[in-house]
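Okay, structure first, notes after.
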Amino acid sequence: MFGDPAQLPPVADKPLHHNKPTRALGEQGYPAYLMFSKVIKLSVNQRVPGSDLRQLTFKNFLRRLRNGDCTHEDWQLLLTRQPSKVQNLKDFQDAIRLFYGNNDVASFNYEQLLKLKQPIARIQAQHSSALAKTIKADEMCGLVPTLCLARNASVMLTLNLWPEVGLCNGATGKIIDIIYAANDFPPSLPISVIVQFDNYKDPSFVDTLPNIVPICPITITADTASGFHERLQIPLKLSWAITIHKSQGLTLPKAWINLGTSEKTAGITYVAISRIKTLESCVIEPMTFERLKNIKDSSQLRFRVEEEIRLNNLATAFLNDN
């Protein structure tokens, strides 16, 4: 089953369907992937609702964008959402910022943390070994070696704790307090971080405030060539800004998007702009027409389009057989 072939490839790796894998796991995965012969195509865009002229224009633009077929008129449409053109710009001051790179995300988040003028807790994770300290957060379900938090900071969960009530990877909220044991303080791990989540659906931990949940340290184990290594850390990250890659799968009420100067990863522009339900709910930093036009030049994009043709043929065959 496939619905959005414009999804981003794995970080520092190739898609599972890539016919020239460079790792042992990919060499095993590619033949296994080709064994799937029954395909169902999901073609309805559930994130962009409505059928009025504005929404149809946005949907048609996204269809062209995903394959790099954008026109000069599409570029002009995006320019209407640059900061100098958005009349209600103040309404986007609390919008999540989307950047391509981790450095831009970290810089923006730290700037916002300082603006709170609150004491900053620099929290160090506990590790089972020296090697565990060096393992990337992506391999530890998002748990970082060092986490900086403060009261009123915007944060995001980095793993699924209780999806049924909204406590899933990507859930956002605001820190109310950081609770330490008696005579304990940073950089030690706190007992819990008290977060007021935006979309929590169960009873609140605090009677006087809605949507309050204590988030406690979690242990994640990484299986490496040298054995198992553990990290104990609070499963949160600052979320005033996130990478476009991290935004995959999210639907954002508002977003302030910086696409960078080039399509460093095939599909990055499509993923960023398709996180919102309407074009009017985003701000997009200015870009040149060449930036938009050069999406078509990506070899990764051409490879993905070829794979989509193969999947479409399989989907048509499966539909005809049934």
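Evaluate the following for T251: is it modelled with pLDDT under 95, among the polar types (S, T, N, Q) and farther than 15 Å from D104 by Cβ?
Criteria met by T251.
Can you confirm whether segment 256-273 contains a residue that is at pLDDT 90 or above, open to solvent by less than 20 Å² (accessible area, probe 1.4 Å) and not in a helix (DSSP H, G or I)?
yes
What's the number of the only condition in (1) at pLDDT 95 or above; (2) assigned to a helix (DSSP H, G or I) that R291 fails to meet?
Only one criterion is unmet by R291, namely (1).
For segment 120-134, what are the residues that are open to solvent by less than 100 Å² (accessible area, probe 1.4 Å) and closer than 21 Å to C216 by Cα?
Correct list: I120, A121, I123, Q124, A125, H127, S128, A132.
I want to confirm something. Restricting to segment 187-209 and keeping residues that are modelled with pLDDT of 95 or more and not in a strand (DSSP E or B), which single residue is most open to solvent (accessible area, probe 1.4 Å)?
So the residue we want is I191.
Checking K174 against (1) in contact (Cβ under 8 Å) with a residue 60 or more places away in the chain; (2) of a type outside the set (A, V, I, L, M); (3) open to solvent by 60 Å² or more (accessible area, probe 1.4 Å): exactly one of these is not met. Which one?
(1)
Enumerate the strands (runs of 3 or more DSSP E) found wholly within segment 54-167, keeping only those where 1 or more residues are in contact with a helix residue (DSSP H, G or I) (Cβ under 9 Å, 6 or more places away or on another chain).
96-99, 146-149, 154-157
Quick check: is even one residue across segment 222-238 surrounded by fewer than 18 Cβ atoms within 10 Å (Cβ to Cβ), of a type outside the set (V, I, T) and closer than 24 Å to S192 by Cβ?
The answer is yes; a qualifying residue exists.
Can you name every residue in segment 274-286 that is over 22 Å from K296 (Cβ atoms) and not in a loop (DSSP other than H, G, I, E, B)?
Matches in segment 274-286: I276, E280, S281, C282, V283.
Failed condition for D184, given (1) under 19 Å from A125 (Cα atoms); (2) open to solvent by less than 30 Å² (accessible area, probe 1.4 Å); (3) part of a loop (DSSP other than H, G, I, E, B); (4) of a type outside the set (S, T, N, Q), with all others met?
With respect to (1) under 19 Å from A125 (Cα atoms); (2) open to solvent by less than 30 Å² (accessible area, probe 1.4 Å); (3) part of a loop (DSSP other than H, G, I, E, B); (4) of a type outside the set (S, T, N, Q), D184 is out only on (2).
How do the pairs read when you match residues in segment 300-312 that are under 17 Å from S43 (Cβ atoms) with residues anywhere that are of a type in the set (K, R), using Cβ under 9 Å and keeping only pairs 6 or more apart or on different chains?
Going by the 9 Å Cβ cut-off, the qualifying pairs are L311/K41; N312/K41.
Between a first residue in segment 203-225 that is without any contact (Cβ under 8 Å) to a residue 12 or more places away in the chain and a second residue that is open to solvent by 50 Å² or more (accessible area, probe 1.4 Å) and of a type in the set (D, E, K, R), which pairs have beta carbons less than 9 Å apart while being 6 or more apart in sequence or on different chains?
If the second residue must be open to solvent by 50 Å² or more (accessible area, probe 1.4 Å) and of a type in the set (D, E, K, R), the pairs left are T221/E230.
Restricting the search to segment 212-221, which residues are open to solvent by 40 Å² or more (accessible area, probe 1.4 Å) and either part of a loop (DSSP other than H, G, I, E, B) or at pLDDT below 95 (or both)?
C216 - this is the single residue of segment 212-221 that is open to solvent by 40 Å² or more (accessible area, probe 1.4 Å) and either part of a loop (DSSP other than H, G, I, E, B) or at pLDDT below 95 (or both).
Output the residue which, of all residues in segment 28-75 that are under 22 Å from R310 (Cβ atoms), open to solvent by 60 Å² or more (accessible area, probe 1.4 Å) and of a type in the set (A, V, I, L, M), is modelled with the lowest pLDDT.
Of everything passing the filter in segment 28-75, V44 is modelled with the lowest pLDDT.
The values are calculated or read from the model by the stated rules, or taken from the named source; none is laboratory data. Source: prediction; values computed, not measured. Counting neighbours? That spans all protein chains shown, and the Cβs are built from the backbone with ideal geometry, glycine included. In case anyone asks, the SASA skips ligands and DNA or RNA and just uses the protein heavy atoms, side chains included. Shrake-Rupley method; radii C 1.70, N 1.55, O 1.52, S 1.80 Å.
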